[in-house]
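Take a look at the structure set out below.
The values are calculated or read from the model by the stated rules, or taken from the named source; none is laboratory data. Treat the numbers as computed from the prediction; the structure is a model and nothing was measured. So basically every Cβ, Gly included, is an ideal-geometry build from the backbone, and we count neighbours across all protein chains shown. Heads up: the accessible areas ignore ligands, DNA and RNA and are worked out on the full protein's heavy atoms, side chains in. Shrake-Rupley method; radii C 1.70, N 1.55, O 1.52, S 1.80 Å.
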Amino acid sequence: MKCTFETAGNASIIVRVNDAPILITDPWINSNPYFGSWDRPFEFTENQKASFKNIKFVWLSHGHPDHLNQDSLKYFKNSTILLPDHFGDRTYNALKELGYSVCKLHSGKSYNLSDNINLYSFSDLNQDASCVISFDNKCAVLNLNDGNAIGSKKVIKEILSNFKTKFVLKLLGWGSGDMSNFFDECGNRIPYNDKPNLAVLYDNLLKDWGCDFTSVFSCFHTFSRSDSIWVQSLDPSINDHLFYPSGKRNNRVIEPYFQYSVEEETFEHLPLIKRNISVREPDYFGDNYSDELNKKDILDITEYFNKIEHIKKCYKYLCFKVGGKENYIDLNPHSPRGIVFETPRNSLMSSIHFEIFDDLLIGNFTKVTLINEKSLYPDFSPYVAKYADNGGAKSSKELRKYFKYYRDLYGLRSDLERLEKYSISKIRPKLENHLFEDVLKRIYRSLRK
């Protein structure tokens with residue numbers, strides 16, 4: 001029996017048995033997600049396109065539209081959609097309502113997809129998910145996509161230890177893969193200075209997970225809006241992923257795209273077929289920068305944010321500058337912090353009505369001005385996009401249920417790793433140029449081990 005897997009698209013793994021397609025992960029095939037901002041730079045091969053209508057299973061990690069792409073799901077009407085057991089079941093309920101065959105996977109449980117292929121899925125409290133695809137006892141692939149396997153790392157490493165050859169695939173990079181359009185209160189762009197050497201990060205990734213190989217993954221996008229294409233210049237090149245600063249090739253990072261034969265233990269490189277990308281004006285996607293908010297819009301925005309109790313506690317105001325007019329949502333008069341979002345009306349109101357505020361920011365056409373604030377983490381983005389929009393947890397009571405859900409899945413590791421990320425976001429900026437910065441970093445690394 002011939003088993004292979006290949007990387008494709010943005011964050012897709014395609015698994016085949018005797019050339020028959022069994023599984024695809026996170027297929028983004030059509031459309032321009034993030035309100036028209038993103039497009040795919042590379043084409044699928046003809047063999048991959050022909051496989052779509054015959055694939056048995058589709059695993060979707062999380063709700064971002066370059067992973068769960070609704071326009072692309074039409075290819076998989078006859079497939080079974082496999083979903084992580086995210087709190088709130090937002091995606092599960094929506095796809096069931098649309099008539100798809102959907103199966104919710106319990107975190108850490110093994111699911112048999114064919115005679116010798118198993119899938120393990122792991123949701124986490126950031127509404128991300130990881131999966132392990134295993135081939136008998138010969139090979140396993142850990143797909144972290146955009147996440148960090150919060151809470152499930154120990155269990156995943158135990159599973160991986162049973163296999164001879166191990167792959168780990170994860171988004172590594174900087175720039176346009178997340179929100180980059182930030183300004184300070186004086187109107188100065190906040191530069192993206194943190195650009196670590198990616199080849200070294202891949203070394204650390206492989207060492208951390210005890211794996212043999214990795215590849216460039218989950219970072220294949222370009223831009224298709226004239227007001228967001230500016231951010232493309234921030235992105236690393238493929239060579240940045242493959243080479244050390246000395247120019248030496250990192251041989252354990254496989255060039256994109258590739259196919260691996262499990263029985264033969266061989267790699268085959270697949271072609272990078274460039275696509276012709278059309279860059280369009282915002283009005284093509286329904287955005288006119290002269291449109292102002294009406295009274296109902298302001299009421300809808302106010303209601304949306306007032307339901308998220310953490311935001312009401314942390315920020316004095318949120319301001320939405322639309323059509324050149326500033327509209328303030330007053331929250332907590334005792335807080336010194338505020339955020340100004342300068343953005344077109346149509347996309348803003350879509351993000352409010354469909355509860356996908358993250359998509360508005362990742363498009364990178366929205367200008368975000370931070371007042372007495374360093375970042376949207378840890379107090380804004382997780383509570384709005386992860387816990388409230390995707391998880392449906394808006395009040396303090398709902399958040400307690402939310403965190404308990406993941407604590408019940410993984411024990412205290414889920415809470416501890418969340419608190420670790422929160423502490424890093426809060427404390428790290430205060431340590432810059434501190435007299436004892438190096439000593440404190442060494443203590444932190446020692447405690448983490």
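Take region 322-345 and flag every residue that is open to solvent by 60 Å² or more (accessible area, probe 1.4 Å) and in contact with an Asp or Glu (Cβ under 7 Å, 6 or more places away or on another chain). Result: Lys325, Arg345. Return the residues of region 30-60 that are over 22 Å from Tyr260 (Cβ atoms), modelled with pLDDT of 95 or more and over 17 Å from the mean Cα position of the chain (by Cα); say none if nothing qualifies. Within region 30-60, Gly36, Pro41 meet the criteria. Just one of the numbered conditions (1) among the β-branched types (Val, Ile, Thr); (2) more than 20 Å from the chain's Cα centre (by Cα); (3) open to solvent by 50 Å² or more (accessible area, probe 1.4 Å) is not true of Ile229: (2). Residues that are open to solvent by 50 Å² or more (accessible area, probe 1.4 Å) and either acidic (Asp, Glu) or within 15 Å of Ala8 (Cβ to Cβ) (or both) do occur in region 64-76.
The single condition from (1) over 20 Å from the mean Cα position of the chain (by Cα); (2) surrounded by fewer than 21 Cβ atoms within 10 Å (Cβ to Cβ); (3) closer than 26 Å to Lys296 by Cα; (4) hydrophobic (A, V, I, L, M, F, W, C) that Leu348 fails is (2).
Note on region 240-283: residues that are farther than 21 Å from Trp209 by Cα and among the β-branched types (Val, Ile, Thr) total 4.
Restricted to strands (runs of 3 or more DSSP E) entirely inside region 295-357, no element has at least 3 residues that are of a type in the set (Ser, Thr, Tyr). The lone criterion from (1) open to solvent by 10 Å² or more (accessible area, probe 1.4 Å); (2) without any contact (Cβ under 8 Å) to a residue 40 or more places away in the chain left unmet by Ser51 is number (1). May I ask you to list the residues in region 255-276 that are surrounded by 14 or more Cβ atoms within 10 Å (Cβ to Cβ) and either in a loop (DSSP other than H, G, I, E, B) or in contact with a Lys or Arg (Cβ under 6 Å, 6 or more places away or on another chain) (or both)? Within region 255-276, Glu255, Pro256, Tyr257, Val262, Leu270 meet the criteria.
Run down Leu105, Leu83, Leu95 and say which single residue is surrounded by 21 or more Cβ atoms within 10 Å (Cβ to Cβ), closer than 21 Å to Leu119 by Cβ, touching a residue at least 12 places away in the same chain (Cβ under 8 Å) and in contact with a strand residue (DSSP E or B) (Cβ under 9 Å, 6 or more places away or on another chain). Being surrounded by 21 or more Cβ atoms within 10 Å (Cβ to Cβ), closer than 21 Å to Leu119 by Cβ, touching a residue at least 12 places away in the same chain (Cβ under 8 Å) and in contact with a strand residue (DSSP E or B) (Cβ under 9 Å, 6 or more places away or on another chain) holds for just one of Leu105, Leu83, Leu95, which is Leu83. Across region 371-404, the number of residues qualifying as more than 27 Å from Tyr328 (Cα to Cα) and in contact with a Gly (Cβ under 9 Å, 6 or more places away or on another chain) comes to 1. When restricted to residues that are farther than 13 Å from Leu113 by Cα, in contact with a Lys or Arg (Cβ under 6 Å, 6 or more places away or on another chain) and open to solvent by 10 Å² or more (accessible area, probe 1.4 Å), region 1-33 contains 1. For region 358-374, the candidate set comprises residues that are assigned to a loop (DSSP other than H, G, I, E, B) and open to solvent by 40 Å² or more (accessible area, probe 1.4 Å); within that set, the residue that is farthest from Gln232 (Cα to Cα) is Asn372.
Tally up the residues in region 204-254 that are touching a residue at least 40 places away in the same chain (Cβ under 8 Å), in a helix (DSSP H, G or I) and closer than 24 Å to Asn148 by Cα, please. Result for region 204-254: 6.
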